[in-house]
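S.K.: Take this structure first; my questions come after.
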Amino acid sequence: MGTRTVPGRTDHVVVVGAGLAGLSAALHLAGAGREVTVVEAAAAPGGRARRERFGGYTVDTGATVLTMPELVEEALAAVGAPFDLELTKLDPAYRAQFADGSTIAVHTDAEAMAAEVRRVAGPRDARGYLRLRAWLTDLYRVQRDRFIGANFDSPLDLLGRDLARLAALGGFGRLGPAVGRHLRDERLRRLFSFQSLYAGVPPSRALAAYAVIAYMDTVAGVYFPRGGVGAVAETMAAAAGRAGVRFRYATSAAWLERVGARVRAVRTTAGERIACDAVVLTADLPTAYGLVGVTPRRPLGLRYSPSAVVLHTGTTRSWDRLDHHTIFFGAAWERTFAEITRRGRLMSDPSLLVTRPTATDPGLAPEGRQQVSVLAPCPNLRTGPVDWARIGPIYRDELVRVLEERGLTGLGAAIETRVLVTPADWAAAGLAAGTPFSVAHTFAQTGPFRPRNLVPGVDNVVLAGCGTTPGVGVPPVLVSGRLAAQRIAGRAPGAERRGQSVSGL
């Protein structure tokens, strides 16, 4: 395995970005005895996983699904901080509604989910579900430490027993067919494969290895922290601050002062010079490379994941069919993926994720109110250069109309406050191709072929975040921070805890 680390002194590290990747890196570096300064352009921590307040409502601006919370515990433990987030394990993790009017609850308990599958699809698929669950668990165990949780220096790092085990499990086949071998019911096939869209690839083309995302959702469990997912970042930042990490909010990095192959300081947009021995960059890849002044050469240009339109609302009522997470599937499936990944069009028959966090934490809204957010996958700005200033309000109203037709009657009239986020907004925030999901997990952008967290020609700059190893999603991003810290400080504290559950969960 690759073990290359930053040469020379690494006493003072500047981490650019206080998102989950930067906070994870800061905690692991502080735990390894490094002096750490975090610079963050925003006024508060969280990055893409922060929370904001508007009109009396508290809203998660990015991730709403928290899986693998032991990775948060591991980062906190690096500085001896307790895991004091109040977590609720969601049951069901999701509730899915289909075009034929049927619903399926996704339980992470094996017996409960087998019973649900038996109810909707019969005993054969119930047995298939248990086989699928065992396969997902085996896939995760093989990948956890050597593929997800490891630094790569070369594709040759993949060679060996673990690669053979992953191949034997069918990890290099296609996700859709792999799930289909266990489940006949089309609705169930969707529930255990739609997650690949977060990795930027339709199930029919995604590597079966990315079923580990379904493992995290449907086996490991989905959690919700009191106060919202943004509370995770705030808890991590507070623990880092107590451990001596210095935070510089409302401070943007402008460029890195480099002498030869070594960065000597981070220069801010205010003209300040912050001397350092090493740097962790968590910005999206083009921005990170721009700060360094290096553009790595790739035989093929980077391919980016689809984006999303998100409508955050505050409503005066709720609906019986809304759980904490509810997926409204349209009738179309393959066509939907083709529209958003290849044709650059909005979904003609949309599948939507609706999140109502006030189902679990009523304190996120004023008394008697609900906070409801709608996520609609859509093309990124490279695939579909939509005029979002003009189309955004029209599409917003279309989403409300579709959800009213699917059972949320009176939704439009119940909305008293709303915020719309489009790919144009993601782009304005510095996210390449206008997508919060970064570089897609195609085969050529997976594992050792993904953009590495080392920058060619620069000795002491390490990348973290969803564009580099291991990839997209809250768990991989937390891991990316630890991997960046390992590049600088060697083996990170808390490694022996990896894979253990959070106490009491």
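S.K.: Treating only the Cβ atoms of Lys and Arg (+1) and Asp and Glu (-1) as charged, compute the dipole magnitude of the stretch 384-453 about its Cα centre; round to the nearest 20 debye.
M.R.: 360 debye
S.K.: Rank-order 349-360, 104-115 by packing density, defined as the average count of other C-beta atoms within 10 Å over each peptide's residues, highest first.
M.R.: Values: 349-360: 21.2, 104-115: 17.6.
Highest-to-lowest ranking by the protection proxy: 349-360, 104-115.
S.K.: Turning to a different aspect of this structure: Of all the accessible heavy-atom surface of the stretch 190-230, with the other protein chains kept in place and a 1.4 Å probe, what percent is carbon and sulfur?
M.R.: That fraction is 56 percent.
S.K.: Okay, next question. For the residue pair Asp84 and Glu257, what label-to-label distance in nm results when each label sits 7 Å from Cα along the Cα-to-beta-carbon direction?
M.R.: Here the answer is 3.8 nm between the modelled labels.
S.K.: Of all beta bridges DSSP finds with both residues in the chain, what is the antiparallel percent, to the nearest 5?
M.R.: Beta bridges within the chain, antiparallel portion: roughly 70 percent.
S.K.: Accessible area per residue for the chain in Å², computed with a 1.4 Å probe and the full protein assembly in place, what is it?
M.R.: Numbers: 19300 Å² over 505 residues.
On a per-residue basis, 38 Å².
S.K.: Between Arg390 and Arg181, 0.36 nm times their residue separation minus their Cα-Cα distance comes to what?
M.R.: Numbers: separation 209, 0.36 × 209 = 75.24 nm, distance 4.40 nm.
That pair, Arg390 and Arg181, stretches by 70.8 nm at full extension.
S.K.: Turning to a different aspect of this structure: Hey, rough spin-label estimate for Thr417 and Asp397, points 7 angstrom out along Cα→Cβ, what's it come to in nanometres?
M.R.: Once both label points are built, they end up 2.4 nm from each other.
S.K.: Leaving out ligands, DNA and RNA, what percent of the accessible area of the stretch 19-66 is carbon and sulfur, probe 1.4 Å? Kindly include the intermediate steps, with their values, before the conclusion.
M.R.: On the way: 690 of 1450 Å².
Summing carbon and sulfur atoms, their accessible area is 47 percent of the total for the stretch 19-66.
S.K.: Within the chain, which DSSP H helices have Cα atoms that stretch 15 Å or more along the helix axis and a mean Kyte-Doolittle hydropathy of at least -0.5? Each step should come with its number before you reach the end.
M.R.: Working: long enough: 20-31 (16 Å, 1.47); 110-121 (16 Å, 0.28); 123-143 (30 Å, -0.77); 230-242 (19 Å, 0.57); 388-405 (25 Å, -0.27); 474-489 (23 Å, 0.82).
Passing helices, by number: 20-31, 110-121, 230-242, 388-405, 474-489.
S.K.: Quickly work out the Phe172-to-Arg127 label distance, labels modelled 7 Å from Cα along the C-beta direction, and quote it in nm with one decimal.
M.R.: The two pseudo-label positions are separated by 3.2 nm.
S.K.: Next question, about the same structure. Scan the chain and hand back the longest stretch that contains none of the chymotrypsin sites (Phe, Trp or Tyr not before Pro) lying in DSSP loops with at most 15 other Cβ atoms within 10 Å.
M.R.: Answer from the scan: 250-505.
S.K.: Sticking with this one: Please give the contour-minus-distance gain from Arg53 to Ser318: 0.36 nm per residue of separation, less the Cα-Cα distance, rounded to one decimal in nm.
M.R.: Full-extension gain reported as 93.4 nm.
S.K.: Same structure, new question: Let me have the 222 nm mean residue ellipticity of the chain computed from DSSP H runs of 4+ only, each contributing -39500 (n - 2.57), with the sum over all residues rounded to the nearest 500. Can you show the working numbers first?
M.R.: Details: 15 runs with 148 residues, N = 505.
Counting only the DSSP helices, I get -8500 deg cm²/dmol.
S.K.: Heads up, I need the accessible area for Ile415: 1.4 angstrom probe, whole protein in place, Å², nearest 10.
M.R.: 30 Å²
S.K.: Between Rg and the Kirkwood Rh of the chain, both from Cα atoms, what is the Rg to Rh ratio?
M.R.: Rounded to two decimals, Rg/Rh equals 0.95.
S.K.: Taking 1 over the mean of 1/r across every pair of different Cα atoms in the stretch 205-256, what Kirkwood radius in Å do you get?
M.R.: Hydrodynamic radius (Kirkwood, Cα pairs) of the stretch 205-256 is 14.7 Å.
The values are calculated or read from the model by the stated rules, or taken from the named source; none is laboratory data. Remember, predicted model here, so these are calculated numbers, not experimental data. Here Cβ is always computed from backbone atoms with ideal geometry, including for glycine, and neighbour counts include all displayed protein chains. Surface areas here come from the heavy atoms of the whole protein model, side chains and all, with no ligands, DNA or RNA. Shrake-Rupley method; radii C 1.70, N 1.55, O 1.52, S 1.80 Å.
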